[in-house]
Amino acid sequence: MKHIVVVEDELFMREELENMLCRAGYEVSCINSFMKVTEQLLSLSPDLILLDLNLPNESGFQICREIKQKSSVPVLVLTSRDQMRDELHALELGADEYLTKPCRKERLLARVANVLKRFEGRTNLLEGAGYLLDRQTYTLYIHNQSIVLPKNQGKLLEVLLTRGDEAATKDELCLALWGTTEYIDENALQVNLTRLKKTMQSLRMCQKIIPVRGVGYRLTLEENENEG
């Protein structure tokens, strides 16, 4: 049974969506507290997120962006915002479908089924800028081709992708590579990072790895490397 999480702050609408999806045969969870929504969503590991944009504390745009940085779960935006610029912005941030309220039940259920079908078998994928990484096989999908990364490079890229805009610490990277942070020569970490950087450069990836002083490393887009 596919698991859908509804992120909707209006109680009546939330209950209506929950009942509709349950009757259609889905397992449904609802977000009721709108603090740290992204963390809640990731902990629930859904097959699909149904996301409103007008939310308290943080916008649906921000949540969509954070989710897509850390997970490959599909996001279907359902909102009363019917401006083209809002739809384009949501899609740019990684939303997989955009519907405006009010929406007929049949249309919503059809779009839900369609998105779930498109993402069948993609639960192991992490999404980067213009590429996907299979976190089980470390297969990289980019430029209409697939490349199996050496295991250490795949592990490093997986950690960096799951951190999004935040830096991964050296300890996190060492733990991913060797299962420990003790007695690891930092040169060994540098060697593995250099190999991954060369691979990313050879594949013309638009993200690169940069150091964050006193913390570790993070991914950034090429055009942002000179910011600040």
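The values are calculated or read from the model by the stated rules, or taken from the named source; none is laboratory data. Note that the structure is predicted; figures quoted are calculated from it, not measured. Because the Cβ atoms are built from the backbone with ideal geometry, glycine has one as well, and the counts that use them run over all protein chains shown.
Laid out as a table, the results:
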{"item": "Test: residue in region 60-79 that is out of contact with any helix residue (DSSP H, G or I) (no Cβ under 7 Å at 6 or more places or on another chain), surrounded by fewer than 16 Cβ atoms within 10 Å (Cβ to Cβ) and either in the same structural domain as ARG163 (by TED's automatic domain parsing) or outside any helix (DSSP H, G or I) (or both)", "result": "no"}
{"item": "Residue that is surrounded by the fewest Cβ atoms within 10 Å (Cβ to Cβ), among those in region 178-198 that are without any contact (Cβ under 8 Å) to a residue 24 or more places away in the chain and among the hydrophobic types (A, V, I, L, M, F, W, C)", "result": "VAL191"}
{"item": "In region 4-42, residue nearest to SER71 (Cα to Cα) [restricted to those that are surrounded by fewer than 15 Cβ atoms within 10 Å (Cβ to Cβ) and within 17 Å of the chain's Cα centre (by Cα)]", "result": "GLU39"}
{"item": "Residues of region 142-161 that turn out to be in a strand (DSSP E or B) and touching a residue at least 12 places away in the same chain (Cβ under 8 Å), as a count", "result": "2"}
{"item": "Whichever residue in region 121-164 is touching a Phe, Trp or Tyr at 6+ places or on another chain (Cβ under 9 Å) and among the aromatic types (Phe, Trp, Tyr) and, among such residues, is surrounded by the fewest Cβ atoms within 10 Å (Cβ to Cβ)", "result": "TYR141"}
{"item": "Among (1) within 13 Å of GLY128 (Cα to Cα); (2) without any contact (Cβ under 8 Å) to a residue 60 or more places away in the chain - the single one GLN207 does not satisfy", "result": "(2)"}
{"item": "Lone unmet requirement of (1) closer than 23 Å to PHE12 by Cβ; (2) assigned to a helix (DSSP H, G or I) for ALA113", "result": "(1)"}
